[in-house]
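Please read the structure below before turning to the comments.
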């Protein structure tokens, strides 16, 4: 971190995330010594999508429009500050649902312009990574596993702000597979908590599931085979609780085994694990049994939220990155790094 990038007084960064179906706004304080403190983190989780078993993009956009001003006021009140105290604004520009992204992006740009403060267009996955890295006060190098409803990506982070993609899902994201199998078994939506709860009552040995991508030399992920095997087991009469327990055990085993192999190959001894699936208890327990130092996000920072975007904005300030132009748009597909 260059001396010029360190603020001489505490600086407050307001972060906004509307990438999917959560309206998130948070405030983070960047101290002169580089310490980051989450002052507030308010999230409105949309429930309108439950009847469809998945997110309806148009409905998500409308809910963001209706809620974002109120959630911003709530986040400022929780932080004990006013808009005039904000020193920078960050908002997710991608990846995500374009209509939903545009709500938070344009709102954030408007705030920054009105306040005459820097604006940072933040990458959603970088926000997830910083949610965990800030918890452990980490500096590169480390590995980062982002595992959520829309993403399963494994990055090497050789230097702060630099991301090298070493593995990604070839089909479904892990959280997406959790959602689909929970829906198949009639366990409810969202699937992550439903599968985790049902698995505590099930027999993980009841349904035989094969590990995906056995023998691969790389570090990719795949969940389509597990999803198909779960469908066949369901049709054969498997109990929902047994199906949940068996799927969760194999999915967790696969995620941890692949990450451990990548850590050995890259020589990293620290891994940050973030995203909605990072809240899964079985996943955390499995990583705790490895020899790696594993850091998870703090309370409330696993799923999509505005505080993680504020953390990404604060990191941009620390690293001396220039502010983003106000004419930039949203992007549904926005790679964080190249292989």
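The values are calculated or read from the model by the stated rules, or taken from the named source; none is laboratory data. The structure displayed is predicted, hence computed values, not measured ones. Cβ atoms come from the backbone with ideal geometry, glycine included; neighbour counts cover every protein chain shown.
Below is a table of values for the structure above.
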quantity	calculated
Residue satisfying condition, being out of contact with any helix residue (DSSP H, G or I) (no Cβ under 9 Å at 6 or more places or on another chain) and either surrounded by 24 or more Cβ atoms within 10 Å (Cβ to Cβ) or at pLDDT 95 or above (or both), within set 289, 293, 284	293
Odd one out for residue 231, checked against (1) touching a residue at least 60 places away in the same chain (Cβ under 8 Å); (2) touching a helix residue (DSSP H, G or I) at 6+ places or on another chain (Cβ under 7 Å); (3) not in a loop (DSSP other than H, G, I, E, B)	(1)
Hey, residue 211 assigned to a helix (DSSP H, G or I) and either surrounded by fewer than 23 Cβ atoms within 10 Å (Cβ to Cβ) or in contact with a helix residue (DSSP H, G or I) (Cβ under 9 Å, 6 or more places away or on another chain) (or both) or not	no
Given (1) at pLDDT below 95; (2) crowded, with 23+ Cβ neighbours inside 10 Å; (3) within 30 Å of residue 85 (Cα to Cα), index of the condition residue 122 fails	(1)
Residue check, residue 160 closer than 19 Å to residue 317 by Cα and out of contact with any strand residue (DSSP E or B) (no Cβ under 7 Å at 6 or more places or on another chain)	yes
Breaking point among (1) under 17 Å from the mean Cα position of the chain (by Cα); (2) in contact (Cβ under 8 Å) with a residue 40 or more places away in the chain; (3) in the same structural domain as residue 221 (by TED's automatic domain parsing), for residue 95	(3)
